[in-house]
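Below: the structure, in structure tokens.
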Amino acid sequence: MVTTRHPTYDQTRRSLDGEETTCEATVSASLAAIERRKGLNAFLTVFAERALERARMVDRKRAEGRAGRLAGMIVAVKDALCMRNERVTCASRILENFVSPYDATAVERLEREDAVLIGKTNLDEFAMGSSTENSAFGPVRNPVDESRVPGGSSGGSCVAVAAGMAHTALGTDTGGSIRQPASFCGIVGLKPTYGRVSRYGLVALSSSFDQIGPFANSVADAARVLQVIAGHDPRDATSAHVPVPEYADSITGDVRGVRVGLPREAFAAGLHADVRAAVVRVADLLRDAGAEILDVTLPHSAYTISTYYILMTAEASSNLARYDGARYGYRAEGARDLTEMYVRSRSEGFGPEVKRRIMLGTYVLSAGYYDAYYLKAQKVRRLIQNDFFDALRRVDCLLLPTAPTTAFTMGEKIDDPLAMYLSDVYTVSANLAGVPAISVPCGTDREGLPIGAQIIGKQFDEPTLFRVADTVERLVMQ
């Protein structure tokens, strides 16, 4: 198994500042790593010449003393985010040759601060999946053990960081698609508060859940990325008018007085013993470091998966209606009329998991079932949100597992949708509630596979997440 810990951006930045290396040399090393481990299938597009040209520009700006805050950071981007004049495929045949005419806001803000974007990463088609086996361009493999999945749907972005191909990467998290892969691959993954990061330029899966966030090899690097991409964007009506604090100030290694809640529902049946032991050890380490550990309850936890998969599929069905073969993307050849063109274009362009979710979503929105499913799920979503708000009035954050198991083997759950959906049992609730959550490595199981601890906070209180997650990182690595 490969368990190498790769350099963080902070470490590379010190080497750049000490003139021990250059941005161009760092990018060249990343391109070599991508080529060396191309069997992982993490990237769909690699920007070799573009990245090297940008690296040379960053080196000139550094020499002139006018480089941005992320100068020399190498970033991979999930291929559900738009980049001007580059393909945005969403790992789907239906968008295989679509070229974006504009940049996503998150991409634009990273480049403004002199990050170097090195390529677009593989994912579950249209971000629908928990293993990155649903890509039209082949599955992604876990760099720790290539016989296992990396998690999903942002598996390519996660692997790019975990395998040393990039310092950080952008993923999207609709029900755990950043945090669950981070747990499976042994790195840091952050889902910010809904509205903290603009979704402009993100191809929508489920508009009331989707949020863009970073993967990184350290909590500090994740904080650096969020510092740049967070903040209101007039092009996204759901981005919040909430000030962005200095996240670096919260990374102190001091958790004295922080109240950490352990939701009893997260430690019930179905949790692997090794995962339970690792997360309980994190609680013990935090207690020893001065945090107060309290038991809390999230009484509607049993309804999170069913609520999420009703609402998410309904929104997905609506969002994906635009891919009809008429305006852009794949169009079936030889259709005799408009209806046949619609049917064949969508049937041939979408993969099986996307079709399954479109059909589920269309069903729950249909006449006669809307009130019984969709409307009822919206009411239960409010109850789940209230559970979080109530618990987080008693404590500053919650500590629970990121996933119920470590990474499972390729093909193990691909034909069992319910088992696959249950991989997200501990992550979807944060999306339902719109609160921030982070996964941080906290050990390995008896087979050497990574385990992630998840910390969930109050809305727009990412500083507390960074404070606690950074402390966990320091304590676990001792």
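The values are calculated or read from the model by the stated rules, or taken from the named source; none is laboratory data. Keep in mind that this is a model prediction, so the values were computed, not measured. Virtual Cβ from ideal backbone geometry, glycine too; neighbours counted across all protein chains shown.
Quick look at the numbers
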quantity: So Ala289, is it among the small types (Gly, Ala, Ser), touching a Ser or Thr at 6+ places or on another chain (Cβ under 7 Å) and outside the structural domain of Phe184 (by TED's automatic domain parsing); calculated: yes
quantity: Count of region 445-463 residues which are more than 16 Å from Leu262 (Cα to Cα) and touching a helix residue (DSSP H, G or I) at 6+ places or on another chain (Cβ under 8 Å); calculated: 7
quantity: Residue in region 251-263 that is out of contact with any helix residue (DSSP H, G or I) (no Cβ under 9 Å at 6 or more places or on another chain) and without any contact (Cβ under 8 Å) to a residue 12 or more places away in the chain present; calculated: no
quantity: Where Arg148 falls short, out of the listed (1) buried (at least 24 other Cβ atoms within 10 Å of the Cβ); (2) basic (Lys, Arg); (3) over 19 Å from Arg467 (Cα atoms); calculated: (1)
quantity: Set Asp324, Asp274, Asp284: member being among the acidic types (Asp, Glu), out of contact with any Pro (no Cβ under 8 Å at 6 or more places or on another chain), in contact (Cβ under 8 Å) with a residue 12 or more places away in the chain and not assigned by TED's automatic domain parsing to the domain that holds Leu360; calculated: Asp274
quantity: Complete set of residues in region 410-450 that are of a type in the set (A, V, I, L, M) and within 16 Å of the chain's Cα centre (by Cα); calculated: Val425, Val428, Ala430, Leu432, Val435, Ala437, Ile438, Val440
quantity: Any chance Gly411 is surrounded by fewer than 17 Cβ atoms within 10 Å (Cβ to Cβ) and touching a residue at least 12 places away in the same chain (Cβ under 8 Å); calculated: yes
quantity: Enumerated helices (runs of 4 or more DSSP H) restricted to region 92-196, each holding at least 2 residues that are of a type in the set (D, E, K, R); calculated: 105-112
quantity: Residue tally, condition in a loop (DSSP other than H, G, I, E, B) and either under 16 Å from Arg281 (Cα atoms) or free of Cβ contacts under 8 Å to residues at least 24 places away in the same chain (or both), over region 392-402; calculated: 1
quantity: When residues of region 49-103 are limited to those that are within 27 Å of Asn217 (Cβ to Cβ) and among the acidic types (Asp, Glu), the one surrounded by the most Cβ atoms within 10 Å (Cβ to Cβ); calculated: Asp79
quantity: Condition check for Ala367: free of Cβ contacts under 8 Å to residues at least 60 places away in the same chain, more than 23 Å from Ser429 (Cβ to Cβ) and surrounded by fewer than 22 Cβ atoms within 10 Å (Cβ to Cβ); calculated: yes
quantity: Test: Leu70 is within 30 Å of Tyr342 (Cα to Cα) and under 24 Å from the mean Cα position of the chain (by Cα); calculated: no
quantity: Hits in region 104-131 - residues which are over 13 Å from Thr172 (Cα atoms) and either in contact with a Pro (Cβ under 8 Å, 6 or more places away or on another chain) or polar (S, T, N, Q) (or both); calculated: Thr105, Ser131
quantity: Residue check for Ser429: part of a strand (DSSP E or B), in the same structural domain as Cys158 (by TED's automatic domain parsing) and surrounded by 20 or more Cβ atoms within 10 Å (Cβ to Cβ); calculated: no
quantity: Output for region 271-281, where each listed residue is more than 16 Å from Leu422 (Cα to Cα) and either outside any helix (DSSP H, G or I) or not acidic (Asp, Glu) (or both); calculated: Ala273, Arg276, Ala277, Ala278, Val279, Val280, Arg281
quantity: Number of positions in region 227-270 that are among the charged types (D, E, K, R) and in a loop (DSSP other than H, G, I, E, B); calculated: 6
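Quick grid of which residues meet (1) in contact (Cβ under 8 Å) with a residue 24 or more places away in the chain; (2) within 19 Å of Phe215 (Cα to Cα); (3) in a strand (DSSP E or B); (4) not assigned by TED's automatic domain parsing to the domain that holds Gly189:
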residue	(1), (2), (3), (4)
Ser28	yes, no, no, no
Ala32	no, no, no, no
Ala55	yes, no, no, no
Val58	yes, no, no, no
Arg62	yes, no, no, no
Gly65	no, no, no, no
Arg69	yes, yes, no, no
Arg84	no, no, no, no
